[in-house]
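No value in this document is a laboratory result; all are computed from the given coordinates. From a predicted model like this one, the values you see are computed outputs, not experimental measurements. When we count neighbours, we look across all protein chains shown, and the Cβ atoms used for this are built from the backbone with ideal geometry, even at glycine.
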Amino acid sequence: MKNIMFFCIPAHGHHNPTIAVVKELVQRGNTVRYYSFREFQSKIESTGAEFIACDDLLPEISQEVENGTKVMTTTEMTAVDLQMTAAMDGFLSEQVEEFKPNVIVADSVCFWGKLLARKFEIPMVVSNTTFAFNKYSSGYMKSSLAEIMDLITGNKRIKAELKKLEAYGYHEKSIMPLVQNDNFTDTIVYATEKYQPCSDTFSKHYAFVGPSVSTDLRPNKDNERPLVYISLGTVVSNKPDFYKKCVDALKEEDVDVIISCGRTVEPGTLNTLANNVKAYHSVNQLEVLSKANVFLTHNGMNSTSESLYMGTPMVFFPQTNEQRAVTRRAKEMGTGIELKDESVEGIRTAVMKVLSEPKYAENAMKCSKDFCNAPGPKGAAEFIETAPHIMPDEDKKSIWREILPGMFALLYWLVAILFIVFFEKITGSNKWWIVAIVANVIFPLNKKLVSVVGMKLFS
C-alpha cells in the first residue's frame, strides 16, 4: 500500500471528480493525505482520507471572487498559484519529510503540488478535470481578445513570480511546463477516449477513466411530464435576471422546472413566479439529472459529464473559455444545442426544441452507455497505485510524434527558399514571388499530412 499526497485548488469543479477516486484509494488500503481548504473538509473526510487545511496560507482574494460575482483572470489565478507555492514551501517540505509519500496527485493547475513533486523527485500523477489539451486538441479552446491581451500583458508579472520561487529551490524559467499537457507525465483525464477530443494523439501515460461518478443511480426518465433542470454551476451563477427569464419562458409550458441558483441568488425570489418552478441554492445534481429530460447548463466539465452519464440532453450556455470547449465537443456528439438568444422566447425555443426532437436524448443515452462502461474511480485508483508508469517504447514514439512536424517544416522551407533563390536561373523568370505564395498556401496542407502520417507511423 502507498502513502499518497493529494493537492487541489480551491474550486468545487476541481475537487468533485477526485472525491470518488480518493475514497476508492482509501478502501484499497492506501494512506491518503488531502491538502485542501476548509470549504471542502467534510467532503474529503467522508472518503476516509486525512484532511490538511491550507486556508491560512492562501493569498487574499476579493469578496467578489469569493462569492462568485467576479471571475479571476488567467494572470491573476496563475500569480495566486505561484504565491501559494512560496507560502506553502516550508510547511509542505516538512510534510514530505514526515509522511514520505510514494506518489503525489496534483490538480492540473495546482502548481504547488506539481512543483513539490519535482523538487523532491516524487512520482506524480496529474488530475486533469477538463479535457486534456495538446497541439491537436487545443483548437477546442478559443481564447477571446480579452484573454489573449491578459496573457500578453500578464507575462511580465508571471515571470517575476517565477523568479521569486528560485529562493525556495524551484527553478522554472517558463510557466508553460506547469500549464500544458505533455505526453510523458502520468495523467488522469475524467473523460472517455470517445469523448476526449483527439484522444489518439495522447500517449499511454494518459488514463481516460471517464466521469468520476460514485452512485448507483441510473437514468430514469419516467416522469409524469418533462423535467427541465437549470444550473449555471458554482463559479458564475450570480445571474438572477437570467433565471427569471427562464421562469418566464417555461411557466406556461407543460413541464416541471428545477433551478439550482447558487449561493448568491435567493430561491424565494424565483419560487413565487410560477407554480411549476422549484428553486434551491443547491440540489443533489446526479439525482435530478437521472430524472431530467433536458439540462440548461453552463457546460462545466463536471456538469456536462454528469448530464451525459445520466443520458440527459442539454441546452448549452457556456460562460468561460473552458466551458466553450466542452460545449463544442458535446455539440459534436449531438447531445444538445447552444443557447444563442438569451431572451425569454429564445430560452423557450431552445428548451422545447431539445424536448421535442428525440435525436438529442438518443445521442445522450449513447454517451451514457460509454460513460457507464468506463474504468471510473476504480481505474483511476489503480493508475495512481501503479505510478510511475515507465514506457520507454511509447515515450520514444511520443518524442517522434512531437518533433516530426517541426523537422518537416524546417526541411520544407529550406527547400522552398533554395528553390526561390535559384528560381530565375532554373526557369529564366524573375517571378519568384509566385513560388513563395504557392509554398505558403501548400504548407498547411503538407503539415497536416505529415501530422497524420506521423500519428500512423508512431501509434
Can you tell me which lysines have their Cα less than 18 Å from the Cα of residue 251? Leave out same-chain residues fewer than eight positions away. 278, 353
Ranking 121, 322, 252 by Cβ neighbours within 10 Å, fewest first, what do you get? 121, 252, 322
Cross-link table 135/239; 135/194; 204/369; 119/142; 159/194; 23/331, entries beyond 26 Å C-alpha to C-alpha: 135/239; 119/142; 159/194; 23/331
Compactness of the chain, expressed as Rg and Dmax over alpha-carbon positions, Å: 24.6, 84
For the stretch 1-143, radius of gyration divided by Kirkwood radius, i.e. Rg to Rh on alpha-carbons: 0.96
Could you give the size of the charge dipole of the chain about its Cα centre, using +1 on the Cβ of each K and R and -1 on the Cβ of each D and E, expressed in debye and rounded to the nearest 20? 1460
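Quick one: putting +1 on the C-beta of Lys and Arg, -1 on the C-beta of Asp and Glu, what dipole do you get for the stretch 302-370 around its Cα centre, in Debye to the nearest 20? Mind dumping the intermediate values first?
Numbers: 10 positive and 10 negative charges, 33 e Å.
It works out to roughly 160 debye.
Go ahead and run the numbers for FRET between residue 12 and residue 160, Cβ-Cβ distance against an R0 of 45 Å, rounding to 0.05.
Details: r = 30 Å, r/R0 = 0.67.
The computed FRET efficiency comes out at 0.90.
How would you rank 44, 347, going from fewest to most other Cβ atoms within 10 Å of each one's own Cβ? If you can, show how the numbers build up before the last one.
Values: 44 26, 347 23.
In increasing order of surrounding Cβ atoms, one gets 347, 44.
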I'd like the FRET efficiency for residue 442 and residue 46, computed as 1/(1 + (r/R0)^6) with the beta carbon distance as r and R0 of 45 Å, rounded to 0.05. 0.15
Where does the stretch 227-372 land on Rg/Rh, using Cα atoms and the Kirkwood Rh? 0.93
What trypsin sites (Lys or Arg not before Pro) does the stretch 317-391 have in DSSP loop regions with at most 13 other beta carbons within 10 Å? 340
Sketch the reach of a paramagnetic label on residue 342 as a point 7 Å from Cα along Cα-to-Cβ, and name the residues of the stretch 238-258 whose backbone nitrogen lies under 19 Å away. 238-250
In the stretch 368-391, whose amide N lies under 19 Å from the spot 7 Å out along Cα-to-Cβ of residue 216? List them in ranges. 372-373, 377-378
How much length, in nm to one decimal, is gained on full extension between residue 56 and residue 3, taken as 0.36 nm per residue of separation minus their Cα-Cα distance? 16.6 nm
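For the chain, which DSSP H helices look membrane-span-like by this rule: Cα extent along the axis of 15 Å or more and mean Kyte-Doolittle of at least 1.0? All intermediate terms of the calculation are to be shown ahead of the outcome.
Details: long enough: 12-27 (23 Å, -0.25); 74-99 (34 Å, 0.03); 145-165 (30 Å, -0.05); 240-250 (16 Å, -0.24); 321-332 (17 Å, -2.02); 344-356 (18 Å, 0.83); 358-372 (21 Å, -0.84); 392-421 (43 Å, 0.76); 432-457 (35 Å, 1.35).
Qualifying helices: 432-457.
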Cut-off is 10 Å between beta-carbons; in what order do 301, 176, 77 appear when sorted fewest neighbours first? 176, 77, 301
Quick one: the Cα spread of the stretch 101-215 along its three principal axes, in angstroms, biggest first? 43, 42, 28
FRET efficiency for residue 252 and residue 333 from the Cβ-Cβ distance with R0 = 35 Å, rounded to 0.05, comes out at 0.65
